[in-house]
1. Give the stretch 161-177 a look and list any residue that's surrounded by fewer than 18 Cβ atoms within 10 Å (Cβ to Cβ) and either among the aliphatic types (A, V, I, L, M) or outside the structural domain of Gln219 (by TED's automatic domain parsing) (or both), or say none.
2. Tell me whether the stretch 99-113 contains one or more residues that are in contact with a helix residue (DSSP H, G or I) (Cβ under 6 Å, 6 or more places away or on another chain), surrounded by 12 or more Cβ atoms within 10 Å (Cβ to Cβ) and part of a loop (DSSP other than H, G, I, E, B).
3. Test Gly226 against the criterion of being within 23 Å of Gln80 (Cα to Cα) and either touching a Cys at 6+ places or on another chain (Cβ under 9 Å) or surrounded by fewer than 16 Cβ atoms within 10 Å (Cβ to Cβ) (or both), and give yes or no.
4. Just the residues that are under 16 Å from the mean Cα position of the chain (by Cα) and either surrounded by fewer than 16 Cβ atoms within 10 Å (Cβ to Cβ) or among the small types (Gly, Ala, Ser) (or both), please, taken from the stretch 63-72.
5. May I ask you to list the residues in the stretch 67-93 that are at pLDDT below 90 and either in contact with a helix residue (DSSP H, G or I) (Cβ under 6 Å, 6 or more places away or on another chain) or among the aromatic types (Phe, Trp, Tyr) (or both)?
6. Examine the stretch 148-168 for a residue that is acidic (Asp, Glu) and on the phi > 0 side of the Ramachandran plot, and state whether such a residue exists.
7. Looking at the stretch 114-123, which of its residues are within 20 Å of the chain's Cα centre (by Cα) and outside any helix (DSSP H, G or I)?
8. Any residue at all in the stretch 24-32 that is at pLDDT below 90, surrounded by 13 or more Cβ atoms within 10 Å (Cβ to Cβ) and aliphatic (A, V, I, L, M)?
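The values are calculated or read from the model by the stated rules, or taken from the named source; none is laboratory data. Only a predicted model underlies this, so the values are computations on that prediction, with no experimental measurement involved. Cβ atoms come from the backbone with ideal geometry, glycine included; neighbour counts cover every protein chain shown.
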Amino acid sequence: MESAYGRIKALKGISLEVKHGETVALIGANGAGKTTFLRTLSGVQPMSGGSIIFDGVDISKVRSDKRMRLGICQSPEGRQVFGPLSVEDNLMLGGYTQPVEHVVGDLEKIYDMFPVLKEKRRLPAGTLSGGQQQMLAIGRALMGCPKMLLLDEPSMGLAPLLVQEIFNVVRSLKQQGMTILLVEQNAFGALAIADRGYVLETGSITLSGTGQDLINNEQVRAAYLGM
């Protein structure tokens with residue numbers, strides 16, 4: 001996969017694989033291209049070369065809304081909830097591609113996972129705390145019944161206790177067998193959960209391995225883990 005902004009090449013021939021049921025972490029510094037990669041994968045950012053194979057089908061030229069219908073659902077960086085709309089309306093928007101009869105049951109599953117969202121379901125989403133908005137963003141993505149869940153910086157800007165709570169949610173989804181691509185600056189938290197991980201530096205993959213292998217890698221420890 002390659003992607004560019006004008007003449008600036010943001011991604012340079014990235015090759016990355018996520019197998020069914022795996023949690024894969026993509027780590028890297030700010031500006032490495034992590035969010036660009038997810039935007040390209042979900043179809044928001046156009047590709048300048050390469051291909052994306054999903055469920056055995058090349059989706060490189062498929063529109064972003066159709067990619068969502070195929071099961072690629074994203075919780076975006078910075079949460080991006082619809083502030084004036086109620087919590088419940090935000091969740092319902094996440095399920096707009098699903099049959100109506102499924103949506104109510106899916107909504108209850110999200111409320112079971114995040115009881116605080118049920119408690120605040122009638123309130124404008126903009127009144128939620130940062131951690132609650134992150135739960136809402138993940139819940140909204142789950143309402144699309146993802147075959148692959150894309151999580152872009154879910155711990156960003158959260159207090160340490162909330163970071164742990166969000167990682168516990170990711171761990172729970174992993175245990176349920178969901179396929180997850182987790183993009184994170186919190187390298188240790190992401191790699192501790194992940195089956196496998198990739199290190200992205202200035203648009204290129206420089207290292208890959210199991211989550212534990214990368215935690216133990218001296219380069220990764222020095223650059224990303226503060227060890």
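1. Across the stretch 161-177, the qualifying residues are Leu161, Leu162.
2. no
3. Spelling it out, it is not the case that Gly226 is within 23 Å of Gln80 (Cα to Cα) and either touching a Cys at 6+ places or on another chain (Cβ under 9 Å) or surrounded by fewer than 16 Cβ atoms within 10 Å (Cβ to Cβ) (or both).
4. Selection gives Ser64, Gly71.
5. Result: Glu77, Arg79.
6. yes
7. Answer for the stretch 114-123, where residues must be within 20 Å of the chain's Cα centre (by Cα) and outside any helix (DSSP H, G or I): just Phe114.
8. Scanning the stretch 24-32, I find at least one residue that is at pLDDT below 90, surrounded by 13 or more Cβ atoms within 10 Å (Cβ to Cβ) and aliphatic (A, V, I, L, M), so the answer is yes.
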